[in-house]
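Each reported figure results from applying straightforward, stated rules to the coordinates on display, with no laboratory input. All values reported here derive from a predicted model rather than from experimental measurement. Counting neighbours? That spans all protein chains shown, and the Cβs are built from the backbone with ideal geometry, glycine included.
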Amino acid sequence: MGISRLLQLFVALMLTMSFVYPVEVLAAARSTSVRARSLQSTVAARRTIAKAKTSTARLTKKSATTKKSTKNTVAKKSVAKGIARKATARKTTAQKLQRKSKVTRVAVHRARRKGQLGLRHTAGRKQVKAKVVAVAKKAPKYAYPADIFMWTAPETAALPMSSSTRKSVRKAFNNGVAGKFSPQQLVQSDVFEEDPLLGGIFVRREGVRYIVMHSTETERPADAPRVIHSWNRGMRHPGAQYVVDRNGKIYQTVDPKFATVHVNIFRTENGVNNDNSIGIEIVRAGKQKYTSSQLESVMKLVTYIQNRFDVTDACVVGHGQIQPSDRSDPVNFDWTAFSNAKANLKMHSESLALKRRTQSWIIPFHKDDKPYDGPRPTDVSGPAAEDELDESELDESTENI
Ligand SMILES: [Zn+2]
């Protein structure tokens with residue numbers, strides 16, 4: 001083959017190539033972009049699928065948790081139901097037993113009641129009812145009927161008293177030897193301040209045998225007059241004969257020959273009641289301590305009442321001692337210190353009495369007098385307990401404790 005032929009071939013090839021190439025390239029490019037597009041959409045689809053998978057997984061997890069909790073709840077519910085069922089069963093048994101015991105109790109109660117009412121055990125309902133009504137009519141609703149109480153105690157005429165006599169009475173009270181003076185005389189001598197009760201007073205049906213000590217235990221600190229005035233509501237109300245204020249002042253609400261309601265006779269023990277006792281209220285509230293002047297006044301007052309009414313030491317009691325079911329007053333009261341102080345005062349008064357008796361034996365002797373030859377006193381029992389005042393006797397007891 002010649003060169004021209006080769007050239008011819010070459011040219012022809014080049015021509016063909018130049019003609020074919022763009023078509024092929026275009027086709028290739030087209031297919032590439034289609035593929036790219038399809039690839040793009042595939043990626044997007046994959047992403048969507050992935051998202052959907054994730055959310056599905058989440059949902060599955062959630063539903064699993066929910067299912068679990070539901071299962072738990074159901075289990076718990078069933079357990080609770082079981083317990084409730086058991087409890088109901090027990091309750092029913094208890095109720096049954098209760099009903100049974102109630103039936104027995106009612107029967108016992110009825111039998112006892114019939115006995116109390118003085119009826120035969122065969123007595124019918126109507127009979128019992130009639131009897132109960134009859135008894136209720138007779139029995140008082142309260143511990144004391146309203147008509148037992150007085151608004152005020154009848155006054156007794158007070159004899160006039162000189163200022164020196166009053167002074168002597170005060171001294172005697174301080175020395176523990178005022179027992180022969182009446183409470184009225186002590187009021188006159190300003191040993192006691194009078195702040196009368198209105199209502200709540202009644203005539204004693206027994207003699208005084210006990211002294212019951214209380215503390216007021218008010219919600220907030222209050223003085224004695226306020227405590228006394230708080231009692232004065234209506235005809236039937238509580239009260240004590242004496243109230244000892246924080247400053248040691250002794251208030252007498254009524255002559256202690258009259259009774260007041262300071263203990264609950266349905267709850268007291270050892271036979272203590274309002275008819276046979278005198279009440280002393282010591283003013284105190286919350287965390288307050290008793291003041292020293294208060295304790296001194298209480299000690300002197302108790303000594304006076306003991307002397308005046310012959311009350312033994314054993315019969316000086318606290319409200320809490322004789323009504324322990326619901327009372328604990330006087331709160332934080334130092335009984336040992338109290339009885340020691342009282343014993344000291346007693347010793348002091350006895351030494352004074354001894355001094356008086358010794359002096360009564362000494363006969364005044366004058367140098368012109370003949371030697372005494374008359375009878376000697378044999379009675380050494382001490383001064384008679386009279387209500388008359390003997391000032392010469394009292395003036396010897398000048399010492400204060
Ligand atoms: Zn009390």
Worksheet item: What is the distance, in nm, between label points placed 7 Å from the Cα along the Cα-to-Cβ direction at Ser293 and at Ile3?
Response: 15.5
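Say R0 is 60 Å: what FRET efficiency, to the nearest 0.05, do Thr88 and Met235 get from their beta-carbon distance? Each step should come with its number before you reach the end.
Details: r = 54 Å, r/R0 = 0.90.
Calculated transfer efficiency: 0.65.
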Worksheet item: Once the Cα gyration tensor of segment 202-281 is found, what semi-axes does its equivalent ellipsoid get, as square roots of 5 times the eigenvalues, in whole Å, sorted largest first?
Response: 21, 13, 13
Item to complete: Would you mind computing Rg(Cα) / (2.2 N^0.38 Å) for segment 193-348, counting N as its residues?
Response: 0.96
Discussion item. Using the basic label-point model (7 angstrom from Cα toward the beta carbon), what is the Ala143 to Ala158 distance in nanometres?
Written reply: 3.0
Worksheet item: Roughly how many nanometres apart are two label points built 7 Å out from the Cα toward the Cβ at Val132 and Asn264?
Response: 2.4
Worksheet item: Using the alpha-carbon centroid of each, what span in Å lies between segment 215-278 and segment 55-81?
Response: 70
Worksheet, complete the sentence: Note, Glu350: beta-carbon cut-off 12 Å, +1 each Lys/Arg, -1 each Asp/Glu, net +4
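If you average the sequence gap of Cα pairs under 8 Å that are 6 or more apart and divide by the length of segment 139-239, what percent do you get for the contact order? Write out the running numbers ahead of the final one.
Numbers: 78 pairs, mean separation 36.2, N = 101.
Answer for segment 139-239 is 36 percent.
Filter Lys180/Lys346; Lys53/Lys76; Lys96/Lys131 down to the pairs with a C-alpha to C-alpha distance above 22 Å, please. Can you show the working numbers first?
Values: Lys180/Lys346 15 Å; Lys53/Lys76 34 Å; Lys96/Lys131 32 Å.
In this structure, Lys53/Lys76; Lys96/Lys131 lie more than 22 Å apart at Cα.
Would you mind getting me the FRET efficiency between Ser38 and Lys71? Use the beta-carbon distance for r and R0 = 60 Å, nearest 0.05.
Details: r = 47 Å, r/R0 = 0.79.
It comes to 0.80.
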Item to complete: Taking every Cα atom in segment 53-104, find the radius of gyration and the maximum pairwise distance Dmax, and write them in Å.
Response: 21.9, 74
Worksheet item: Tally Lys and Arg at +1 and Asp and Glu at -1 over the other residues with C-beta under 13 Å from the C-beta of Ser215: what net charge comes out?
Response: 0
